[in-house]
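A quick write-up on the structure given underneath.
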Amino acid sequence: MLYYTMKILLSAVVLVAVSEIAKRSSLLGALLASLPLTSLLAFVWLYVDTGDVQKIGALSWNIFWLVLPSLALFLVLPMLLKQGWGFWLSLALAVLASAACYGIMLLMFKRIMVQS
């Protein structure tokens, strides 16, 4: 139980740090948010839990490919906000665009898996 509490607290500290730093500097907040901290924490937790470096390698490989569709959110959101769309609508449309890109990427994965 203590182990899970530690994992939750450390993960929460990262999220709070990003939001607090972003209040003072969007560039520094973005720098911290862009670091693969979630992935690094996941690698550490997975290694501590399983000791299986093959699982970590597979996770890292899959994260690489799935970062690509997530970039749609970071392109669409500022474009819509700049055009004067409201925050919530812009966020919802950016999430939908990112979800569509994830769907396309997953279809590509399925197609590649079937062909190989």
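The values are calculated or read from the model by the stated rules, or taken from the named source; none is laboratory data. Given the structure is predicted, the values throughout are model-derived calculations rather than measurements. Positions of Cβ are backbone-derived with ideal geometry, glycine not excepted, and every protein chain shown enters the neighbour counts.
Residues in region 14-21 include none that are out of contact with any helix residue (DSSP H, G or I) (no Cβ under 9 Å at 6 or more places or on another chain), free of Cβ contacts under 8 Å to residues at least 40 places away in the same chain, not in a helix (DSSP H, G or I) and not polar (S, T, N, Q).
Could you grab me the full set of residues in region 11-35 that are under 18 Å from Phe74 (Cβ atoms), modelled with pLDDT under 85 and not hydrophobic (A, V, I, L, M, F, W, C)? Gly29, Ser34, listed by residue number. Residue count for region 76-102, restricted to those that are in a helix (DSSP H, G or I) and free of Cβ contacts under 8 Å to residues at least 12 places away in the same chain: 10. Please determine, by comparing only the residues of region 63-116 that are of a type in the set (Phe, Trp, Tyr) and out of contact with any helix residue (DSSP H, G or I) (no Cβ under 9 Å at 6 or more places or on another chain), which one is farthest from Thr38 (Cα to Cα). Per the criteria, the residue is Trp88. Only residues that are surrounded by 11 or more Cβ atoms within 10 Å (Cβ to Cβ) and outside any helix (DSSP H, G or I) were counted across region 41-52, and they come to 1. Candidates Lys55, Lys110, Lys82: the one that is charged (D, E, K, R) and either touching a strand residue (DSSP E or B) at 6+ places or on another chain (Cβ under 9 Å) or surrounded by 13 or more Cβ atoms within 10 Å (Cβ to Cβ) (or both) is Lys55. For region 1-13, the candidate set comprises residues that are in contact (Cβ under 8 Å) with a residue 24 or more places away in the chain and of a type outside the set (A, V, I, L, M); within that set, the residue that is farthest from Ile63 (Cα to Cα) is Lys7. Residues of region 27-40 that are in a helix (DSSP H, G or I) and closer than 12 Å to Leu59 by Cβ: Thr38, Ser39, Leu40.
Here region 1-27 is the region considered, the condition is being under 18 Å from the mean Cα position of the chain (by Cα) and of a type in the set (Val, Ile, Thr), and the residue that is nearest to Thr38 (Cα to Cα) is Val14.
Would you confirm, using the coordinates I've provided, whether Gly57 is modelled with pLDDT under 95, more than 29 Å from Leu106 (Cα to Cα) and not aromatic (Phe, Trp, Tyr)? When the stated conditions are applied, Gly57 does not pass them.
Matching residues to (1) farther than 23 Å from Ala12 by Cα; (2) over 19 Å from the mean Cα position of the chain (by Cα):
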{"position": "Leu46", "(1), (2)": "no, no"}
{"position": "Gly51", "(1), (2)": "yes, yes"}
{"position": "Leu59", "(1), (2)": "no, no"}
{"position": "Asn62", "(1), (2)": "yes, no"}
{"position": "Leu73", "(1), (2)": "no, no"}
{"position": "Pro78", "(1), (2)": "yes, no"}
{"position": "Leu81", "(1), (2)": "yes, yes"}
{"position": "Ala97", "(1), (2)": "yes, no"}
{"position": "Lys110", "(1), (2)": "yes, yes"}
